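> Below is one structure. I have some questions about it.
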Amino acid sequence: MKKTFFFIPAILLTAYYGGLAVGAGAAAVQPVMWIGLLLLWGGGILLSRRFIWGAFCGALPGLLLIYQSTREAAQLVRVELPIGMALLLFYMFCVCALYQRS
């Protein structure tokens, strides 16, 4: 498995939230999500060095997105829930793949 594979969520979400921050202003993105992006990058680094517990760093932003989707009741479209579920599934796959390799 290529080491860049572990950075896919970090790259995609950094591009998304970076575009949102540029287009609507940095205040449009909650500060907690910037911390979540740091956790995604840290999880990618740890997973690329074959530390399985690095997936927990990546799963935390997924859990945060799922939690945020339950908190905001006035939203018309809940985007956070599918993104959070996809992050959790991705990191579960990464743990399984690293466990089989070791």
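> Compute the relative contact order of the chain as a whole-number percentage, counting only Cα pairs closer than 8 Å that sit 6 or more residues apart in sequence.
24 percent
> Taking a probe of 1.4 Å, how large is the accessible area per residue of the chain, in Å²?
Heavy-atom SASA per residue in the chain reads 64 Å².
> Next question. At 1.4 Å probe size, with the rest of the protein present, what percent of the exposed accessible area of the range 15-102 is carbon and sulfur atoms?
72 percent
> Can you pull a Stokes-Einstein diffusion coefficient for the range 1-94 at 4 °C (1.567 mPa s), Rh from Kirkwood over Cα pairs, as a whole number of µm²/s?
95 µm²/s
> Suppose the chain between Gln100 and Val79 were pulled fully straight at 0.36 nm per residue; how much longer would it get relative to their current alpha carbon spacing?
Between Gln100 and Val79, full extension yields an extra 4.3 nm.
> Could I ask something else about it? What does the helix-only formula give at 222 nm for the chain: each DSSP H stretch with n ≥ 4 adding -39500 (n - 2.57), the total divided by the residues, and the result rounded to the nearest 500 deg cm²/dmol?
Dividing the helical sum by the residues of the chain leaves -25000 deg cm²/dmol.
> Figure the gain on full extension for Thr70 and Arg50 (residue separation times 0.36 nm, minus the Cα-Cα span) and round it to one decimal in nm.
3.9 nm
The values are calculated or read from the model by the stated rules, or taken from the named source; none is laboratory data. These numbers come from a predicted model, not from an experiment. Areas reflect the complete protein model, heavy atoms only, side chains present, ligands, DNA and RNA absent. Shrake-Rupley method; radii C 1.70, N 1.55, O 1.52, S 1.80 Å.
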